[in-house]
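In what follows, a structure is listed as C-alpha cells, so that the remarks can point back to it.
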Amino acid sequence: MISVAEARARILSAFAPLPAETVALSEALGRVLAEPVVARLTQPPFHAAAMDGWAVRSADITAATAESPIPLRRIGESAAGRAFTGSVGPGEAVRIFTGAPLPHGADAVVMQEDCSADDHTVRIGRAVVAGRFIREAGFDFTLGQELLPKGRRLTARDIALSAGGNVPWLSVHRRPRIAVLATGDEIALPGDPLGPSQIVSTNALGLCALVTAQGGIAHNLGVAKDTPESVAALAKGAAGCDLLVTTGGAAHGDYDLVRDVLAERGVALEVQAVAMRPGKAVMFGHAGAVPLLGLPGNPVSTGVTAILFLRPILRLLQGLPPVDARTPLRARLTAPLRANDRREDYLRATLATGPDGVLTVTPFARQDSAITTLYAQADCLIPRPPNADPEPAGALVTVLPLTDGMLSI
C-alpha cells in the first residue's frame, strides 16, 4: 500500500488542463477561464450621477442652507439613456437621475431631498463640494483593463461583470468527459425489481452527480455483470472520454474482475492500494487511451475516495489547482478521538458554530463505510494521519468541507 499523498501525486501526474473552447457568455457559468476577461469599454463611459437630484456648479451654492436656500434656473433634464445636451452656466441647474450623464459645466449633484422645485426654479438647500455624488468616467473599469484572471471558475457575479465589460464570448477550458461504470451481479438500478441477493446501485449515480457538481460531463455506462466479457464490453463506452471511473471490482476477491480485465489488456497499474480508511481498494492505470480510476464498492468508500482523487482530477483538467487552497479549515472537537492505526483515516463529521463564534466539529459515533445516511448528513471529513495520537475534546483539528462545487454565486 502507498500513502494518500503518493497515490494522489502519481494519479495527478497523468493529467493536464484540457484545451480551450469559446462559449457564449450565457453558457459560461461554472466554467474555468482559459484566458483573462478584458474590458472592451470604459465603465462608466462618462461622468455619471450617483444620486437622483440636481446637477449644479458647486461655486453657485457655497452659501446654501436649509434655512436660506439658493434659487437656480431650471434649464433641462438628464436621464439614463437620454442626456442633457446643453451646458450648465452660472445660476443654472439640470434635473438629473442616477446613472445619467453629468451635463457639461456642472461639477456636482445635490440630492433631491435637499431641494425644492417648480417648473422654472429649483431651490438648493445644501452646499456641496465639486465631485459630490458623481461617478467619474472609468470609476469602475477602463478599456483594456483585465476584469477576471485566467484560471478563475466563473460565478454569477463574474458573468455580470463580463457582460458589463461588453464581452459576449469567453475562452474557457473544455469540460471533462467522465465515464462511470458500476460493477457487480448484486447491483440493481433504483426502481428495478430486486432479486433475493441484490441491492440498489448508489455509487454510479452519486459519482455522476459529483462529476456534474465539479463542472464535468458524466456518462453513466451502466452496471457490468461479474464476468470479464461484461466488464470489457461496457468499458468500451468510455472511448473518447477523458477518464473512466469504475466502482467495485478493485479488490482481490474472486468476483473483483476489473483488475483482472485490465491485466488481460496489458494495463500496468500505477496505483493498486492506498493506506487509507475508508477506501483502501483504489487503483489507477490506463485502459487504452483512456485513464482509469478504480474506486471501491462500499458506498461511503466510493464517496470519500472520489473526493480525494476524482475531485482533484476534475479540477486539474479544468485548469484549476488540484486542491482548493481555501478548503482546509480548523475546527474545535466536541468529542475526543481515539488513537489512529497505520492507515490514514477520514472521519465523517458535522460542523457548527459554538457560542464563542469558533467553528466546532462533531465526528459521527459510527464510521462504517456502508452507512450512507450519515455520509449524506456530513458537512466535512476529519483527516487523521497514520498512527495519530488521541485528541481530546476541545482540540483544534483540520477539517475538509464537503461544500466545494462549481455553482458559487
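No value in this document is a laboratory result; all are computed from the given coordinates. Everything numeric here is computed off the predicted structure, so don't read it as measured data. Heads up, the Cβs are rebuilt from the backbone with ideal geometry, glycines too, and the neighbour counts pull from every protein chain shown.
With K and R counted +1 and D and E -1, the other residues having a Cβ less than 13 Å from that of Gln198 yield a net charge of -3. The antiparallel fraction among DSSP beta bridges confined to region 48-135 stands at about 80%.
The packing ranking of peptides 222-235, 73-86, 97-110, highest mean first, is 97-110, 222-235, 73-86, where packing means the average number of other beta carbon atoms within 10 angstrom of each residue. With semi-axes √(5λ) of the Cα gyration tensor in Å in mind, check [x] 32, 26, 22; [y] 62, 26, 17; [z] 33, 27, 26 and report the label derived from this structure. Comparing each candidate, only [y] matches the computed number. The calculated FRET efficiency for the pair Val358 and Ala163, based on their C-beta separation and a Förster distance of 25 Å, comes to about 0.05. Arg31 sits among other residues whose Cβ lies under 15 Å from its own Cβ, and their net charge, with Lys and Arg +1 and Asp and Glu -1, is +4.
Relative to one another, the C-alpha centroids of region 1-52 and region 269-340 are positioned 24 Å apart. Proximity of backbone amide H atoms, modeled 1.01 Å from N, is registered between Leu147 and Val37, Val38, Ala39 at under 5 Å, excluding neighbours fewer than 5 places apart on the same chain.
Take the Kirkwood radius over Cα pairs of region 48-135, plug it into Stokes-Einstein at 37 °C and 0.692 mPa s, and you get 270 µm²/s for translational diffusion. The amide H of Met276, built 1.01 Å from its N in the peptide plane, has Glu344 as neighbours under 5 Å, considering only residues 5 or more places off or on other chains.
Each DSSP beta bridge with both residues in the chain is either parallel or antiparallel, and the antiparallel ones are about 65%. Counting neighbouring beta carbons within 10 Å and listing from fewest to most, the residues Thr183, Thr362 come out as Thr362, Thr183.
In the chain, helices alone account for a calculated mean residue ellipticity at 222 nm of -4000 deg cm²/dmol, with every DSSP H run of four or more residues adding -39,500 (n - 2.57). Here the contact order of region 329-401, divided by its residue count and restricted to Cα pairs under 8 Å and six or more residues apart, works out to 51 percent. Contact order for the chain, expressed relative to its length and based on alpha carbon pairs under 8 Å spaced 6+ residues apart, stands at 17 percent.
So which aspartates and glutamates pass the test for Lys280, namely a Cα distance under 19 Å, with those fewer than 8 places away in the same chain ruled out? Leaving aside aspartates and glutamates fewer than 8 places away in the same chain, those within reach of Lys280 are Glu6, Asp254, Asp256, Asp260, Glu270, Asp341, Glu344, Asp345, Asp368.
Region 82-147: which GluC sites (Glu not before Pro) are DSSP loop and have at most 13 other beta-carbon atoms within 10 angstrom?
When the GluC sites (Glu not before Pro) of region 82-147 are filtered for loop state and at most 13 Cβ neighbours within 10 Å, Glu136 remain.
The phi torsions of region 96-113, fed into the Karplus equation with coefficients 6.51, -1.76 and 1.60 and a -60° offset, translate into couplings of 9, 10, 3, x, 6, x, 6, x, 4, x, 7, 9, 7, 10, 9, 4, 4, 5 Hz, rounded to whole numbers, with Gly and Pro shown as x.
Taking the centroid of alpha carbons for each part, region 194-227 and region 125-139 are 61 Å apart. Close amide H pairs (under 5 Å, H built 1.01 Å from N) link Ile217 with Arg177, Ile178, residues at least 5 positions away or on another chain.
Cross-link partners of Lys225 among lysines, defined as those whose alpha carbon lies under 19 angstrom from its own and excluding same-chain residues fewer than eight positions apart: Lys236. Look at the alpha carbon pairs under 8 Å that are at least 6 residues apart: their mean separation over the length of region 48-135 gives a relative contact order of 43 percent. Across all Cα pairs in region 329-401, the calculated P(r) in 10 Å bins from zero up to the longest distance comes to 21, 55, 23, 1 percent per bin.
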